[in-house]
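A short worksheet on the structure shown next.
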Amino acid sequence: MNLLTIAIKSIRQRLLASSLTGLSVALGVALMVAVLVINGVIGRMFSQSGSGYDLIIGPKGSDLQLVLSSIYRVSPPIENLPWRFYTQIRERRDIEHAIPIALGDTTEEGGFPIVGTIPQYFGVEYAHGRKFLVKGDFLQGTWDAVIGAEVARKNGWDVGSKFRMIHGGQDDHVHDEQFTVRGILKRTGTPNDRSVFVHLDGFFQIDGHGKPLEEAINREADFFGVSPETVREWYGDDLAHAEEEEADGHDHDHAHDHEVLDAQKEVTSILVVMKTRNNNPLTRTTGSLMLKNELKEGFQAQGVNPIEVMRRLMDNLVGNVRLALLYLTGLIIAVSGIGIFVSIYNSMADRKREIAIMRALGARRQTVFSVILAESILLCLGGGLFGLLLGHGLVFAAAPLVEARSGLLIDPFAFEPIELVLFPVLIVLASLIGFLPGLTAYRTDVADALSN
Amino acid sequence: MSLQLHNVKKSYREPDGNILPVLNVESFALDQGEQVVLVGESGGGKTTLLNAISGITTVDSGEVIVDGVDLTRLPEAGRDRFRAERIGIVFQTFNLLPAFSALENVLLGMTFAGRADRDFARTLLERVGLGKRLSHRPPQLSVGEQQRVAVARALANRPRLMLADEPTASVDLANQNTILSLIRETCSEHGVSLLMVTHSHDVADQFDRVEQLANFNKPEVHA
């Protein structure tokens, strides 16, 4: 028998009161654990989703909007970039991958965002060390589509399913063209799960996606800061060919492939992976910084680092919410601590005799003080441990619901290292709580308590 | 000598500020292995005397020598340790801890002396007839059985002196003699001196040496 056994016995003797006070700590800890885990998952999700790319290039405007539209697909795109600009970026020697994406449309069923892109999109890691896996095939033909896992689940689509898309904008026009699902992505825990990827060639060929020629030439001239004539010179042969076709009375039948002039093509943004030089990953960072600065000086485009932007958002907005939640749960634990204090302190009056008996049997003042302190620590730690399990149970139970509602994948077994800090904190809290009742035990007058 | 008291004085300050003398013992001694009963009326200072002998209460002056050690010269922690190791106490109301089993109650005293001996605790409980009630908690035991546990607990650390404060006052007549015999027999078996206080003459009649507290305790106001 040791002090711990004596403390456990004392706790068991007041089982109901002890259980309730322990439970209050457990609830506080459970809430804190749930907040920590979910916050960690969201934080990782925001920083991981775009971490495969060094830079996102898009039209000048809000950098946050560019990231939210290009990576998270939760914001309307800013504007478009000319195809010619994309080809210039693609041909740069310091760039490994330049993946154009065209956004704006949604699926007719379910309203999932459409991403027009090239097959190379799936060759780039969507997060550090994580590659896309697919059931079926990635994009091959013009009218092929690859869908995210959540899209497949919600719409009940499988390989071979066909779908139409609604034109982005205010008219809600349903395009006639149909895409066929060729592949379903394995779940990634990123917005890709809620996205529908169609071949960029097909995307361009949809009626209304190619800009009217004159408007396209004028916009491109504006973009590059040249005259429309200069732009016409750039596309001299293509324009002549198009005029010939027009003269032949070519009818744009939407059910078959046809050429869209490069001058008419636009992309929403370009996802960029820089080249690594001399096996030094830092060269990617410096390369992207140089390109970003270069873009800042010219044209009408901007380059943003998605992680940087999201980290800023997390720090400024989400970070504050997280802090508020942590403070709140901390407060709950503190209130629980006060509950334990009140419970133990109130029990001291009843326990004076018990303490006096122990003292009469030879227990020193420090011994009875330690027993009371041990009780407080056991209650806090027991409650904390139960709260830890409860918190993870909460996350485990909530994960499928959150996933179903937001597409956010939460690992039910996710563990945040910061949770480990809870236990030393609880021990300190318990020591503070147990101090005063311990002191009461320490000061108990044995003869007086025994005679009563 | 197991116990020697010399000029022991003790008084309390009452709420109105007056000094209330409780003990004034010029001399009292108990040989090793001797069994003495101390008879006195309620409020005569019996319990205070036992508390002073066990070191629970400090005295104002004088010497309290137990097993050759003057407790008045020991600091509180030393008295606690000494009490745990060399003095066994049986209370009138048993004072068992209700959350602990019979065996654990016996072990508890051993724990504070730093020498928990499960086998010896079990042997003691078997000796007092509770071999089959080791894991029963006090509320599950009869009054007589509870007092037997208290006797076993008092002997747990192989004390040199046992102090018994009206140990039969809370038990029925049938159990009274049994408990009394048990205390006396076990003390004899272990060579433990016994100082029992009582106000019952029936109990006192069973002892060879009976001391009237009033004969040697003459409280008076002292400086």
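Read-outs throughout are calculated quantities, based only on the coordinates presented, and are distinct from any laboratory measurement. Computed from a prediction, not measured in an experiment: that's the story for all the values here. Note that each Cβ is placed from the backbone with ideal geometry, even for glycine, and that neighbours are counted across all protein chains shown.
Restricting everything to alpha-carbon atoms, can you work out Rg to Rh for chain B with a Kirkwood hydrodynamic radius? Rg/Rh for chain B comes to 0.97.
Couplings 3J(HN,Hα) for the range A:208-215, derived from phi with the Karplus relation 6.51 cos²θ - 1.76 cosθ + 1.60 (θ = phi - 60°), are x, 7, x, 5, x, 3, 4, 4 Hz, where x marks Gly and Pro. Among A:441-449, A:333-341, A:265-273, A:153-161, the peptide with the highest mean count of other Cβ atoms within 10 Å heads the list, and the full ranking is A:265-273, A:333-341, A:441-449, A:153-161. Rounded to the nearest 20, the size of the Cβ-charge dipole of the range A:339-386 about its Cα centre is 260 debye, with Lys and Arg at +1 and Asp and Glu at -1.
Give the peptides A:132-143, A:188-199 in descending order of average Cβ contacts within 10 Å, highest first. Present the calculation step by step, with values, prior to reporting the outcome.
Values: A:132-143: 16.5, A:188-199: 24.3.
Most protected by this proxy first, the peptides run A:188-199, A:132-143.
Taken residue by residue and averaged, Cβ atoms of other chains lying within 10 Å of the Cβ of B:94-102 number 4.
Roughly how far apart, in whole Å, are the Cα centres of the range A:109-132 and the range A:190-215? Their Cα centres are 14 Å away from one another. When the Cα positions of B:T57, B:S101, B:P21 are compared along the charge dipole of the range B:1-155, B:S101 comes out farthest toward the positive end, with charges on each C-beta of Lys, Arg, Asp and Glu. Inter-chain Cβ neighbour count for B:24-32, averaged per residue, equals 0 (cutoff 10 Å, partner chain atoms only). Here's how it looks for A:A363: its modeled amide H is under 5 Å from none belonging to a residue 5 or more places away or on a different chain.
Computed from backbone phi, the HN-Hα couplings of the range A:146-160 come to 10, 10, x, 4, 5, 5, 4, 5, 6, 8, x, 8, 9, 4, x Hz, rounded to whole numbers (Karplus: 6.51 cos²θ - 1.76 cosθ + 1.60, θ = phi - 60°; Gly and Pro given as x).
Note on the range A:1-26 and the range A:261-278: Cα centroid distance 65 Å, given to the nearest whole angstrom. Note on the protein assembly as shown: Cα-only Rg and Dmax are 43.6, 141 Å.
Across the range A:1-144, C-alpha contacts under 8 Å between residues 6 or more apart give a mean separation that, scaled by the residue count, equals a relative contact order of 17 percent. Across peptide A:347-357, the mean count of Cβ atoms from other chains lying within 10 Å of each residue's own Cβ comes to 2. Among A:G330, A:P306, A:L133, which residue has its Cα furthest toward the positive end of the charge dipole of chain A, with +1 on Lys/Arg Cβ and -1 on Asp/Glu Cβ? Among A:G330, A:P306, A:L133, the one farthest towards the positive end of the dipole of chain A is A:G330. The residue among A:F122, B:L163, B:T123 whose Cα reaches farthest toward the positive pole of the charge dipole of the protein assembly as shown, with charges on the beta-carbon of Lys, Arg, Asp and Glu, is B:L163. Residue exposure proxy: B:C187, A:C380, ordered by other Cβ atoms within 10 angstrom of their Cβ from fewest to most, comes out as B:C187, A:C380.
Looking at the range A:65-103, the trypsin sites (Lys or Arg not before Pro) that sit in a DSSP loop and have at most 11 other Cβ atoms within 10 Å of their own Cβ are A:R93.
Shape of the range A:50-305 from its Cα gyration tensor (a ≥ b ≥ c, root eigenvalues): rounded if a/c is under 1.5, otherwise prolate when a/b > b/c, or oblate? Present the calculation step by step, with values, prior to reporting the outcome.
Details: a/c = 1.76, a/b = 1.03, b/c = 1.71.
In terms of gyration-tensor shape, oblate.
Close amide H partners of A:A301, meaning residues 5 or more places away or on another chain with modelled amide H under 5 Å apart, are A:K60.
Cα-Cα over 32 Å: which of A:K60/A:K275; A:K60/A:K186; A:K135/A:K292? Table pairs above 32 Å Cα-Cα are A:K60/A:K186; A:K135/A:K292. If only the Cβ of Lys and Arg carry +1 and only the Cβ of Asp and Glu carry -1, the dipole of the protein assembly as shown around its Cα centre is close to 4420 debye.
For chain B, the share of DSSP beta bridges that are antiparallel, to the nearest 5, is 50%. Between the C-alpha center of the range B:1-72 and that of the range B:188-211 there is a gap of 17 Å.
Quick check on the range A:328-452: what are the equivalent-ellipsoid semi-axes from the Cα gyration tensor, as sqrt(5λ), descending, whole Å? Could the numbers behind the result be given before it?
On the way: eigenvalues 345, 30, 23 Å².
For the range A:328-452, the ellipsoid semi-axes come out as 42, 12, 11 Å.
When ranked by the protection proxy of mean other Cβ atoms within 10 Å per residue, highest first, what sequence do the peptides A:308-316, B:160-168 form?
Working: A:308-316: 15.9, B:160-168: 24.4.
Result, highest mean first: B:160-168, A:308-316.
The angle between the Cα long axis of helix A:3-13 and the main principal axis of chain A comes to about 90°, on a 0 to 90 degree scale. Among A:Y345, B:Y12, sorting on how many other beta-carbon atoms sit within 10 Å of each Cβ, with the fewest leading, yields B:Y12, A:Y345. Net length available on complete extension from A:N279 to A:E233 is 12.4 nm, with 0.36 nm assigned per residue and the Cα-Cα distance removed. Derived scalar couplings between HN and Hα for the range A:110-116 equal x, x, 7, x, 8, 10, x Hz in order, rounded to whole Hz, by the Karplus curve 6.51 cos²θ - 1.76 cosθ + 1.60 (θ = phi - 60°), x for Gly and Pro.
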